[in-house]
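Nothing in this text is a laboratory measurement; each read-out follows from the coordinates by a stated rule. Note that the structure is predicted; figures quoted are calculated from it, not measured. With ideal geometry, Cβ positions are generated from the backbone for all residues, glycine too; neighbour counts draw on all protein chains shown.
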Amino acid sequence: MSEEIKWVKTHCARMDHGGCGLLVGVKDNKIVQVKGNPDGYLNKGYTCYKGRISADRLSHPDRLKYPLKRMGERGEGKWQRISWDQALDETANSLLVIKEKYGARAVGFGVGMPKGLEHFVLIRLANIFGSPNVIASQDVCHAPREVSGMHTCGFYPVADVHNPTELVLSWASNNLATNEEGQIAGLTLQQLKKGAKLIVVDPRRTELAERAELWLQLKPGTDPALALGFLNVIIEESLYDKDFVEQFTTGFEDLAQHIKQYSPETVSEITWVPADQIRKAARMYAEAKPATVQWGNAIEHDVNVFDASRSLICLMAITSNLEVPGGNVNAYDPKIMGLGEFVRADLVPNKFKEMIGAHYRTIPRMMTVPPAYFRKAVLEEAPYPVRGYYGMCTNPLVTWADSALSYEAFKSLDFIAIADIFMTPTASMADIVFPAAHQFEMNDIGHYGIGHGIVLARPKVVDPPEECWPDIKIINELGKRVSSPEYWHDDFEDFLEDLLKPSGLSYSEFIEKGYLKGPDRFKLYQDKGFKTPTGKVELKLSVAEKFKLKSLPEFTSLPEDDDPEYPLLLISGKSPNYLHSSYRWVDKLRKKEAEPIVEIHPETAVTYGISDGDKVIIETKYGKIEQVARVSDVVDPRIISAAIGWWFPAGDGDKQIDWQKSNFNMLTSIKKLGKEFGTPNMKNLPCRIRSELV
């Protein structure tokens, strides 16, 4: 007799940054329904379509279900099933051989967007192994805003949409389609229902833009100029908070003189945004008390990200919207183990001198190695040789800029091991592939370490396939083989207990609570100042000369030079149906979005003889791909917006599962990088387009 449906409370993960409280219905060790939990701290019952069908990730017939060893040439698609002991032993031996020959720093440990506690257990593995090189996507996601915040005001300014606000300035953020590290769309919509005004800054007319009182459709790549235009209006019209500026900022006079060159008329010519709209938006933001900037990671997709981030933090500061309810806040963690202690940072005290990025003088407090510099180390041995790679939750062949270079780098490595739930293009390049358990198949803690002041319980809902292991377990067992077992647990789930110990809760007690939130602390600067060298918000950076940084934000040029051979500008937008390159193999999601779509304005379509549904060739000076045209006025006639993350799981394994044909990153390059974070131009690229029939 089958059992009744059991409802388990957990939180969504690996479909985005996660955070929505879920109720998961389980029967006979199978998930039969997923729905939003009305008591969810972030979502209050809301969940998106991909969250509701997320259990389909677990049951695909082609899911990886046992360890594999490469038998043919790298990427050839020929595999042998092996045991877990053999997979772990061969991986450990290969990494130790590289360590003995080249040193521990010759192994890179790779991770994609943070998913859960495994991200930090992997950093722990790197530290214990002795490698300073954790390779992550932080150069284009989260770190530029976070680290720029640390240098400017001493913390990462998070949009506070839990407390009442008068205005939301949504800048490069479309949280009706994708969430922003826990900034769920439902929270923003609640603020609008309560009377908050909305300004949207976005080249695309998104659904959020259609709800806005004011939509600024800027030219892609001109965010710093527009933000400096806001500063010009607010300072020239004396709309800034004079008491806050005088008491709690430094460098205001220099900033005020500097921004005189960014009048609305000058900025309008750069950004395509009418001068009167720039004035109106700046005034609306300055006069709202409080106002919050909900900034998305699209500003982090080109070489000018430091200027964009710094400009926006200066904007928050001079209007005194920092550390106030409904503004941009310092989100304090609850009582849990600190990151440094958890990852054993003490074992690599010289990390910031030894990591690959140090050679290129990336900005201090940048914790990971930009992928561009990792590949230089692999292919050019600069600053030293890197010969091995262990990766999880990541698909660099598709998601890193310059996919052709990624292929070349992975092809040349001595050893690669990948943990995943499906054979991705990157996994197909590995020597050893580990079959991973997924979110609903393991106990986990979410939102640790991403600066939003909350941690979320993600208890196991169903058992995984017999040979599919949680990433934390894989790392724990690998760690015992490459380092002293004293650093690792007999039971990998003890890492959950370690993290929670300062709270006084066991993991089971934490599950009952559902989440932990740090204390709200507002205006601490009144007594303690800001955690910067000067103790104030540094509108002009005091450490600029020391670290070879710009002291003031500026806009000098577009990310890429204009080129008459490539008359259009190429951008991209995240899909509500996928997460970067993930889940193209989930049938229900493919039915929602079956093809890679490029959005083209009707006027542009006529100019190039393109009809809706045509296969088209998109080309930059770095490469070309094929996508399917959608004729729509959501973009300016001078812009096209292509789909990211595309590969075809049903493709030919001998060709690494067809990762080149429609992959956006065949169009990008690492030839030009932002100094501070090693950020390449992943958007805002001169391009051209033509019908495939031409």
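Restriction of the GluC sites (Glu not before Pro) in region 546-624 to DSSP coil positions whose beta-carbon has at most 11 other beta-carbons within 10 angstrom yields GLU565. Our summary gives the chain a relative contact order of 19 percent, counting only alpha carbon pairs under 8 angstrom and 6 or more residues apart. Per-residue 3J(HN,Hα) values for region 205-210, derived from phi via the Karplus relation 6.51 cos²θ - 1.76 cosθ + 1.60 with θ = phi - 60°, read 7, 7, 4, 5, 4, 5 Hz in sequence order (x marks Gly and Pro). Taking the C-alpha atoms only, the angle from helix 84-102 to the longest principal axis of the chain is near 60 degrees. For the chain, the longest principal axis of the Cα atoms and the long axis of helix 118-129 meet at an angle of about 70 degrees.
Annotation: amide H-H contacts under 5 Å for ALA642 (H modelled 1.01 Å from N, sequence separation of 5 or more, or interchain): ILE571, SER572, GLY573, GLU599. Would you work out if the chain is rounded, prolate or oblate? Take a ≥ b ≥ c from the square roots of the eigenvalues of the alpha-carbon gyration tensor; rounded if a/c is under 1.5, else prolate when a/b is larger than b/c, oblate otherwise. In terms of gyration-tensor shape, rounded.
Ranked by the mean number of other Cβ atoms within 10 Å of their residues, highest first, the peptides 677-687, 455-465, 288-298 come out as 677-687, 288-298, 455-465.
Under a model in which nothing but the beta-carbon of Lys, Arg (+1) and Asp, Glu (-1) is charged, the chain shows a dipole of about 220 debye around its Cα centre. Relative to the longest principal axis of the Cα atoms of the chain, the long axis of helix 471-482 makes an angle of roughly 60 degrees. Measuring against 25 Å, Cα to Cα, the residue pairs LYS591/LYS661; LYS335/LYS531; LYS351/LYS480; LYS550/LYS672; LYS6/LYS501; LYS6/LYS50 contain LYS6/LYS501 as the ones spanning a longer distance.
Packing here is the average count of other Cβ atoms within 10 Å per residue, and on that basis the peptides 242-248, 118-124, highest first, run 118-124, 242-248. Per-residue ellipticity at 222 nm computed for the chain from its helices equals -8000 deg cm²/dmol, with DSSP H segments shorter than 4 residues left out and the rest contributing -39,500 (n - 2.57).
State whether region 312-434 is rounded, prolate or oblate according to the following rule on the C-alpha gyration tensor (a ≥ b ≥ c being the square roots of its eigenvalues): a/c under 1.5 gives rounded; otherwise a/b larger than b/c gives prolate, and the remaining case gives oblate. Here region 312-434 falls in the prolate category. Between ASP633 and SER484, the C-beta separation translates, for a Förster distance of 51 Å, into a calculated FRET efficiency of about 0.25. Other residues lying with their Cβ under 12 Å from the Cβ of LYS35 contribute a combined charge of +2, Lys and Arg counting +1, Asp and Glu -1. Near the amide H of GLY391, within less than 5 Å, lie the amide hydrogens of GLY110, ALA417, ILE418, ALA419, all on another chain or at least 5 residues away, with H placed in the peptide plane. Dividing the mean sequence gap of close Cα pairs (under 8 Å, 6+ apart) by how many residues region 281-426 holds gives a relative contact order of 15 percent.
Taking 4.7 Å between beta carbons as the limit, the unpaired Cys residues of the chain are CYS48, CYS141, CYS153, CYS314, CYS393, CYS468, CYS687.
The chymotrypsin sites (Phe, Trp or Tyr not before Pro) of region 373-471 include none that DSSP puts in a loop with a beta carbon having at most 16 other beta carbons within 10 Å. Close amide H partners of GLN294, meaning residues 5 or more places away or on another chain with modelled amide H under 5 Å apart, are LEU169, SER170, TRP171. In region 6-58, Cα pairs under 8 Å separated by at least six residues give a relative contact order of 29 percent. 3J(HN,Hα) along region 578-595, derived from phi through the Karplus expression 6.51 cos²θ - 1.76 cosθ + 1.60 where θ = phi - 60°, amounts to 9, 10, 6, 9, 7, 6, 5, 9, 7, 4, 5, 6, 5, 5, 5, 9, 7, 9 Hz, with x in place of Gly and Pro. Applying both filters, DSSP loop and at most 10 other Cβ atoms within 10 Å, to the chymotrypsin sites (Phe, Trp or Tyr not before Pro) of region 331-371 eliminates every site.
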